[in-house]
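Reviewing the structure listed below.
Nothing in this text is a laboratory measurement; each read-out follows from the coordinates by a stated rule. The structure displayed is predicted, hence computed values, not measured ones. Note that each Cβ is placed from the backbone with ideal geometry, even for glycine, and that neighbours are counted across all protein chains shown.
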Amino acid sequence: MKRYFLGIDIGTFESRGILIDESFRVAADASVPHGMDNPQPGWFEQEAEAVWWGDLCKLCRILIKQSGIRPEQIACVGTSALGTDCLPVDEQCRPLRPAILYGIDARASEEAAWLTEHYGQARVQELFGHPICSGDTATKILWLRRHEPEIYAKTAYFLTGSSFLTARLTGKYVIDQSLAKGSFRPLYQADGSVNEAECGLYCRPDQIAACAWSTDIVGTVTPEAAAQTGLAAGTPVITGTGDSTAEAISVGLVEPGTAFFQYGSSMFYYYCTDHFVGSYVSPQGNGALKGGKAFTVPGTYCLGDGTNAAGTLTRWVRDLLYSKELDAEKQGGENAYAVMAREAAAVPPGSDGLIMLPYIYGERSPLQDAEATGMLFGLKGTHGRAQINRAALEAVGYSTYQHLLLFEELGVPPRRIITAGGGTKNAAWMQIICDMAGMPLTIPEPFQCSSYGDAMLAALGVGALESFAALRAALPQGRILQPDRKNHEFYQEHYPIFRDLYLENRDRMHRMQK
């Protein structure tokens with residue numbers, strides 16, 4: 001009987017599922033859209049039951065029907081979701097409230113400030129490995145304890161997205177050890193065990209999931225889950241991981257010296273190293289990097305973090321300035337983003353003297369400043385939507401370049417850069433990124449995404465692939481962009497303007513938030 005491997009990923013605005021065969025080729029591919037709630041400024045939530053679990057159930061049935069296979073042919077299931085979410089569930093794994101999303105949700109800023117004062121800077125560095133920020137799930141748990149005590153009292157587990165999906169499929173509460181030790185500090189220790197000495201400030205030790213490797217088989221599909229998903233009861237399920245990790249694996253981030261930038265709703269990066277790299281603050285004003293962590297690939301480490309806006313910035317530009325094209329798209333016309341990409345490509349580097357700061361939702365890496373704001377600098381009456389459009393793409397490009405400068409300052413410049421995510425569909429944007437970086441840029445095949453990575457991890461979990469090296473060898477080569485040297489020099493010269501616009505206006509930004 002021919003075997004298949006299933007991967008399901010829940011993203012910010014879309015969920016996607018991919019079924020691959022024993023040759024690791026795509027047998028079926030499907031997506032379903034969903035929304036994201038923004039009930040208050042700085043708050044971002046999703047309904048875990050309706051969106052996360054609902055989408056998984058829909059996708060499983062669609063993929064089985066689309067491929068024409070029997071459910072029993074699926075040898076293993078892997079899932080991923082929105083990284084460092086916080087979802088309280090009861091003893092039956094029923095969500096008690098909407099999930100509080102990853103680092104884009106900044107509601108726990110007061111808790112972060114209180115914890116910083118409570119611990120002191122030295123202890124914060126020891127426990128968290130970086131200044132406490134909105135991406136730390138422990139702060140969200142503390143927020144629930146302080147602001148929603150009734151929900152907190154009913155909580156059996158505080159889960160992240162992939163943990164919730166795995167639990168609903170198998171009844172087992174687990175979390176990828178890399179995700180746990182990277183984003184749930186200080187709730188876990190370096191060996192993956194629960195840090196009982198520190199846990200009590202946030203929750204009981206038995207309220208968080210057990211650590212496992214992302215490829216570990218942790219259980220099988222229960223009869224109840226089988227009835228809802230259409231999967232066969234008894235199908236093996238791996239631990240799963242965060243969406244960015246799954247996408248990084250899908251494009252070959254398995255060896256040191258490789259940097260991966262994912263351009264989705266936010267820009268998330270992983271940089272694989274052969275040794276632990278601690279947190280770092282640039283003396284040149286280029287921002288800061290969180291300390292590294294053990295990576296999903298055994299024997300490696302990685303630096304990783306994300307911005308608050310990338311695709312959300314281009315979406316804002318689209319909704320504000322391309323509404324006519326968006327309406328035409330809904331009537332069967334050309335995709336509005338395709339129009340934007342074409343217009344941006346026609347504008348020269350530098351957007352005719354316009355620079356944008358991309359911090360419309362505050363910023364995580366490399367600023368770690370929830371009160372940072374966006375900016376258009378150099379605006380003239382001769383500028384139109386095309387220049388603003390390109391300036392938004394260049395803003396994310398400058399942020400990418402800023403991270404590369406930080407890697408150089410640390411003495412670990414990357415040898416290879418891989419990109420992925422929905423942003424790679426925009427050829428103009430990717431050329432901007434390539435020109436800023438000044439080195440070749442590998443763009444994988446469109447199907448190499450988080451759900452494809454989940455499926456590959458599932459194949460590795462059941463032994464269809466013998467190692468991560470074998471996984472990389474099985475991946476397609478993708479296409480490679482080459483930088484324009486003249487454009488690279490232009491962006492090098494203009495980057496200090498981008499950097500200094502934030503540094504010199506930071507206090508003003510903060511005062512405007514009061």
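7 Å from Cα along Cα→Cβ at both S323 and M1: what's the point-to-point distance in nm?
5.5 nm
Which listed residue (V237, A226, V77) has the Cα farthest towards the positive end of the charge dipole for the range 4-245, taking +1 on Lys and Arg C-beta and -1 on Asp and Glu C-beta about the Cα centre?
After comparing all options, I get A226.
Convert each backbone phi in the range 471-480 into a coupling constant with the Karplus relation 6.51 cos²θ - 1.76 cosθ + 1.60 (shift: θ = phi - 60°), then list the ³J(HN,Hα) values in order as whole Hz, x for Gly and Pro.
Computed from phi, the couplings for the range 471-480 are 4, 4, 5, 7, 7, x, 6, x, 10, 10 Hz.
Taking the Cα centre as origin and putting +1 on Lys and Arg beta-carbons and -1 on Asp and Glu beta-carbons, what dipole magnitude results for the chain, to the nearest 20 debye?
With Lys and Arg at +1 and Asp and Glu at -1, about 560 debye.
What distance in nm separates the simple spin-label points at E196 and D90, each placed 7 Å from Cα in the Cβ direction?
Each label point is offset 7 Å from its Cα along the Cβ direction, giving 2.9 nm.
Of all DSSP beta bridges in the range 4-245, what percent run antiparallel (nearest 5)?
70 percent
Return the label of the correct value of Rg/Rh (Cα atoms, Kirkwood Rh), as calculated from the structure shown, out of (i) 1.11; (ii) 1.06; (iii) 0.95.
(iii)
From the backbone phi of the range 255-262, what are the Karplus-calculated ³J(HN,Hα) couplings (6.51 cos²θ - 1.76 cosθ + 1.60, θ = phi - 60°) in whole Hz, Gly and Pro given as x?
With the stated coefficients, the range 255-262 comes to 9, x, x, 9, 10, 10, 10, 9 Hz.
Taking the Cβ of P88 as the center, what net charge do the other residues with Cβ under 15 Å away carry, scoring Lys and Arg +1 and Asp and Glu -1?
-1
Apply 1/(1 + (r/R0)^6) to the Cβ-Cβ distance of D216 and R146, taking R0 = 25 Å, and write down the FRET efficiency to the nearest 0.05.
Efficiency computed from Cβ-Cβ geometry: 0.15.
Each residue of the range 155-172 in order: what ³J(HN,Hα) in whole Hz does its phi give by Karplus 6.51 cos²θ - 1.76 cosθ + 1.60, θ = phi - 60°, with x for Gly and Pro?
Going residue by residue, I get 6, 8, 9, 9, 10, 9, x, 5, 5, 5, 5, 4, 5, 5, 6, 10, x, 9 Hz, with x marking Gly and Pro.
What net charge is computed for the residues neighbouring P476, neighbours being all others with C-beta under 12 Å from the C-beta of P476, Lys and Arg scored +1, Asp and Glu -1?
After counting each charged neighbour, the total is +2.
Within straight cross-link reach of K140, meaning Cα distance under 30 Å, which lysines are found once same-chain residues fewer than 8 apart are removed?
List returned: K58, K154, K172, K181, K290, K293, K514.
With a 10 Å Cβ neighbour count serving as the proxy for reagent exposure, in which order, fewest first, do M456, M340, M1, M36 appear?
The fewest-first ordering by Cβ neighbours comes to M1, M36, M340, M456.
May I ask what percent, to the nearest 5, of DSSP beta bridges between residues of the chain are antiparallel?
Looking only at bridges with both residues in the chain, the antiparallel portion is about 70 percent.
Quick one: dipole size for the range 49-117, taken about the Cα centre, charges +1 on Lys/Arg Cβ and -1 on Asp/Glu Cβ, in debye to the nearest 20.
That gives the range 49-117 a dipole magnitude of about 620 debye.
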